[in-house]
1. Can you go through TYR93, TYR100, TYR59 and tell me which one is over 19 Å from GLN2 (Cβ atoms) and modelled with pLDDT of 95 or more?
2. So, SER123, is that one in contact (Cβ under 8 Å) with a residue 12 or more places away in the chain and in contact with a strand residue (DSSP E or B) (Cβ under 7 Å, 6 or more places away or on another chain) or not?
3. Condition first: more than 20 Å from ASP58 (Cβ to Cβ) and in contact with an Asp or Glu (Cβ under 7 Å, 6 or more places away or on another chain). Now tell me which residues in the range 72-118 satisfy that.
4. Criterion first (under 19 Å from THR117 (Cβ atoms) and not hydrophobic (A, V, I, L, M, F, W, C)) does TYR59 satisfy it?
5. Can you tell me which of (1) farther than 15 Å from SER70 by Cα; (2) under 15 Å from the mean Cα position of the chain (by Cα); (3) not polar (S, T, N, Q) is the one GLY14 doesn't meet?
Amino acid sequence: VQLQASGGGLVQAGGSLRLSCAASEWTVSGFATGWFRQAPGKEREFVAAVTWNGLNTDYVNSVKGRFTISRDNAKNTVSLQMNRLKPEDTAVYYCAASRYSLITTAPSDYNSWGQGTQVTVSS
């Protein structure tokens, strides 16, 4: 599976961005998809994930109530709507396809990664 992340950019604190992850094809149908982020000097961090059917989601505590993950399997896309952005959300964001149908948060559980898109939130 080839994943392509897009939608990053520069935004002021309090603003919004919508990230999209397009897959060449969801040949690993039935498995979860997640978003991770990595800030300079920090480890890659789980942000959000959604199951194949879109019915179950999970978020890191710091983004709950601000970010929403969704998917459209007909269009082979997974999106991350980010509202009320904060400077601490600044990072490179990656989408990834999981090895599992259930949501997990460890990067090692995800075996296909997009190239990343930069999100910068100014104060």
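The values are calculated or read from the model by the stated rules, or taken from the named source; none is laboratory data. Fair warning: this is a prediction, and the values are worked out from it, not measured in the lab. Glycine also receives a Cβ, built like all others from the backbone with ideal geometry; neighbour counts cover every protein chain displayed.
1. Details: TYR93 fails: over 19 Å from GLN2 (Cβ atoms); TYR100 fails: modelled with pLDDT of 95 or more.
Criteria check complete, one pass: TYR59.
2. Working: in contact (Cβ under 8 Å) with a residue 12 or more places away in the chain: yes; in contact with a strand residue (DSSP E or B) (Cβ under 7 Å, 6 or more places away or on another chain): no.
So SER123 does not fit the description; no.
3. ASN76
4. Judged against the criteria, TYR59 is a match.
5. (2)
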